[in-house]
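Trainee: I'd like to ask you about the structure that follows.
The values are calculated or read from the model by the stated rules, or taken from the named source; none is laboratory data. Note that this is a predicted model, so its numbers are computed, not measured. Don't worry about glycine lacking a Cβ; one is built from the backbone with ideal geometry, like all the others, and counts go over all protein chains shown.
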Amino acid sequence: MVAALHAAGVWKVYPSGEGRVDAVRGVDLEVHAGEMVAITGPSGCGKTSLLNVLSGLDAPSAGTVLIQGDSLFDLDDDRRTRLRGERLGFVFQAFNLLPVLTATENVEIPLLLSGQPAHEVRKVALEALASVGLADRADHLPAMLSGGQQQRVAVARAVVHRPSIVLCDEPTGNLDSVTSNEVLDLMSNLCREEGMTFLIVTHDDAVAARCDRVLRMRDGQFLDGASEEA
Ligand SMILES: Nc1ncnc2c1ncn2[C@@H]1O[C@H](COP(=O)(O)OP(=O)(O)OP(=O)(O)O)[C@@H](O)[C@H]1O
Ligand SMILES: [Mg+2]
């Protein structure tokens with residue numbers, strides 16, 4: 001079966017003054033459909049840089065990234081944008097909800113971007129909100145929601161278009177441990193019940209411990225023997 005995500009020889013080099021920062025240094029990675037994989041490591045080791053390349057947000061300096069067998073950086077900009085919109089979902093530490101839109105309207109965004117007719121998206125968005133336990137907060141603006149509720153809206157938005165893989169950068173970084181566990185419950189249910197794939201960058205050992213596999217990163221590389229069952 002083709003991997004949900006396959007990366008080979010990924011480098012990310014940033015120019016820096018006269019020199020350069022080698023943020024990601026030759027990473028190989030394969031994530032299978034339905035897996036929940038954590039990437040951990042100290043601040044500055046290259047986790048976000050790697051995730052940005054794996055998600056097609058930022059081009060690698062070298063290497064390849066395949067999403068379900070399709071080479072992300074061999075596509076032209078339009079096709080890459082379409083592939084990202086259809087097959088990938090994103091969750092960030094800072095929720096990134098649009099403050100002037102209600103919870104429902106925030107969740108509708110990926111559906112509207114993928115060209116679904118406006119009159120059809122409301123029902124789908126409301127179902128996604130219900131699935132994260134927020135049916136009764138559908139009309140609330142982000143400022144009227146707690147941090148955990150905002151992140152649950154962000155998870156609903158990330159999965160509403162049924163992506164094959166959801167990439168998360170410190171998804172629980174702004175949450176207390178109880179709320180963080182609720183968000184993790186949500187993700188593992190989507191994993192177990194719907195076969196969705198999660199790749200989660202985290203500082204938090206408690207989050208990593210709930211994943212199927214933990215990859216430890218140092219200085220732009222995975223540690224030898226980094227792959228382990230949690
Ligand atoms: N746009 C950029 N330009 C230049 N250097 C960068 C850029 N983004 C990141 N870096 C450098 O690349 C290295 C890796 O940064 P990155 O953000 O990937 O780390 P991280 O593991 O996500 O850290 P944190 O846990 O603090 O989020 C750091 O040394 C950082 O300063
Ligand atoms: Mg980071």
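Trainee: How many residues, within the stretch 23-51, are touching a Gly at 6+ places or on another chain (Cβ under 9 Å), within 16 Å of ligand 1 (Cβ to nearest atom) and not aliphatic (A, V, I, L, M)? Explain how you work it out, then say what you get.
Mentor: In the first step, residues of the stretch 23-51 are kept if they are touching a Gly at 6+ places or on another chain (Cβ under 9 Å); the result is 23-28, 33-34, 45-47, 49-50.
Next cut, within 16 Å of ligand 1 (Cβ to nearest atom) only: 23-27, 45-47, 49-50.
Okay, now just the ones that are also not aliphatic (A, V, I, L, M), so 25-26, 45-47, 49.
The qualifying residues number 6.
Trainee: Condition check: modelled with pLDDT under 95 and within 14 Å of ligand 2 (Cβ to nearest atom). Does residue 57 satisfy that? Break it down into steps so the answer makes sense when it comes.
Mentor: Numbers: modelled with pLDDT under 95: yes; within 14 Å of ligand 2 (Cβ to nearest atom): yes.
The answer is yes for residue 57.
Trainee: Another one. If only one of 43, 16 is out of contact with any strand residue (DSSP E or B) (no Cβ under 6 Å at 6 or more places or on another chain), surrounded by fewer than 14 Cβ atoms within 10 Å (Cβ to Cβ), closer than 22 Å to residue 170 by Cα and small (Gly, Ala, Ser), which one is it?
Mentor: 43
Trainee: While we're on this one: Given 220, 195, which one is touching a residue at least 60 places away in the same chain (Cβ under 8 Å), touching a Gly at 6+ places or on another chain (Cβ under 6 Å) and either within 16 Å of ligand 1 (Cβ to nearest atom) or within 17 Å of residue 50 (Cβ to Cβ) (or both)?
Mentor: Numbers: 195 fails: either within 16 Å of ligand 1 (Cβ to nearest atom) or within 17 Å of residue 50 (Cβ to Cβ) (or both).
Exactly one of 220, 195 is touching a residue at least 60 places away in the same chain (Cβ under 8 Å), touching a Gly at 6+ places or on another chain (Cβ under 6 Å) and either within 16 Å of ligand 1 (Cβ to nearest atom) or within 17 Å of residue 50 (Cβ to Cβ) (or both), namely 220.
Trainee: Restricting attention to the stretch 71-92, and to residues there that are small (Gly, Ala, Ser) and crowded, with 16+ Cβ neighbours inside 10 Å, which single residue is nearest to residue 203 (Cα to Cα)?
Mentor: This residue is 89.
Trainee: Looking at the stretch 116-138, which of its residues are among the small types (Gly, Ala, Ser) and within 17 Å of residue 89 (Cβ to Cβ)?
Mentor: Answer for the stretch 116-138, where residues must be among the small types (Gly, Ala, Ser) and within 17 Å of residue 89 (Cβ to Cβ): 125, 128, 131.
Trainee: Checking the conditions here, which among 152, 157 is in a helix (DSSP H, G or I) and closer than 21 Å to residue 57 by Cβ?
Mentor: 157
Trainee: The conditions are (1) within 16 Å of ligand 1 (Cβ to nearest atom); (2) farther than 19 Å from residue 222 by Cβ, and residue 83 fails exactly one of them. Which is it?
Mentor: The one condition residue 83 does not meet is (1).
Trainee: Residues that are touching a Phe, Trp or Tyr at 6+ places or on another chain (Cβ under 7 Å), of a type outside the set (A, V, I, L, M) and without any contact (Cβ under 8 Å) to a residue 24 or more places away in the chain: which strands (runs of 3 or more DSSP E) entirely in the stretch 32-147 hold 1 or more of them?
Mentor: Per the criteria, no element qualifies.
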